[in-house]
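For reference, the structure is listed below as structure tokens.
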Ligand SMILES: [Zn+2]
């Protein structure tokens, strides 16, 4: 009587141990495989570059509105909108700063140091795309609407610019401009597909008002985020 009872007892214990072990192995494998799947699906990295900052305000209106502030506000909104898709988003600046060390003199030298820092941090982050955000301004107040620029030699940059611009022109009342080639420093010197989005004209009185409002900034940000997501 004893033996038949004790042997199944041992067997049960062994089976239980084996069962727990195989569950552990399975759970480790399962976690590993989901991690790999999520990495391949969500592994895109975006570098958003809110233009100007710190010593450099960018365009300024007579009412004292700075381009650098609008650029940062929109970049932060684009980041928030891209987050749920699993795309990793970095900003070249999270606050009102520049990357020029104290004591450096000369407008062009300062500008180049600042831009090189942004390009370098995009390379270090291994960003898949670089999107620089700006607001346009002209001497006259006539021009309006968003424009996206790509480097004229960059095919993938062109595709990204076209996809963003396609979304921007869907905004009600937006000028129907197309993506344009350009030879600007940041889109020329980045190693990944890069574009400059000029979200509108601060020199246009009507657009200037809209550009400061968060509902309009949200429309612009949603279009930019959608264009980037479509690119991937
Ligand atoms: Zn600018």
TODO: Report P(r) for the stretch 105-232: all Cα-Cα distances, bin width 5 Å, range 0 to the bin holding the largest distance, values in whole percent.
DONE: 2, 11, 20, 21, 19, 15, 9, 2, 0
Task: Label-to-label distance, nm, for residues given as residue 96 and residue 124 (7 Å Cα→Cβ offset) - done: 2.5
Open item on the list: Over the Cα atoms of the stretch 89-129, each weighted equally, I'd like the Debye log10 I(q)/I(0) at q = 0.18, 0.31, 0.33 Å⁻¹, rounded to two decimals.
Closed with: -0.55, -1.09, -1.15
Open item on the list: Can you give the log10 of the normalised intensity I(q)/I(0) at q = 0.12, 0.14, 0.18, 0.19 Å⁻¹, computed with Debye over equal Cα scatterers of the stretch 50-184?
Closed with: -0.55, -0.76, -1.28, -1.42
TODO: With a 10 Å radius around each residue's Cβ, average the other Cβ atoms per peptide and rank 112-121, 194-203, 208-217, 47-56, highest first.
DONE: 194-203, 47-56, 112-121, 208-217
Task: Along each principal axis, Cα extent of the stretch 62-107, largest first, Å - done: 42, 29, 13
- [ ] First check a/c for the stretch 155-205, with a ≥ b ≥ c the square roots of the eigenvalues of its C-alpha gyration tensor; if it is under 1.5, answer rounded, and if not, answer prolate when a/b is larger than b/c or oblate otherwise.
- [x] oblate
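Each value in this text was obtained by applying a stated rule to the coordinates, not by laboratory testing. Quick caveat: nothing in here was measured; it's all calculated off a predicted structure. For neighbour counting, all protein chains shown are included, and Cβ atoms are generated from backbone atoms with ideal geometry for every residue, glycine included.
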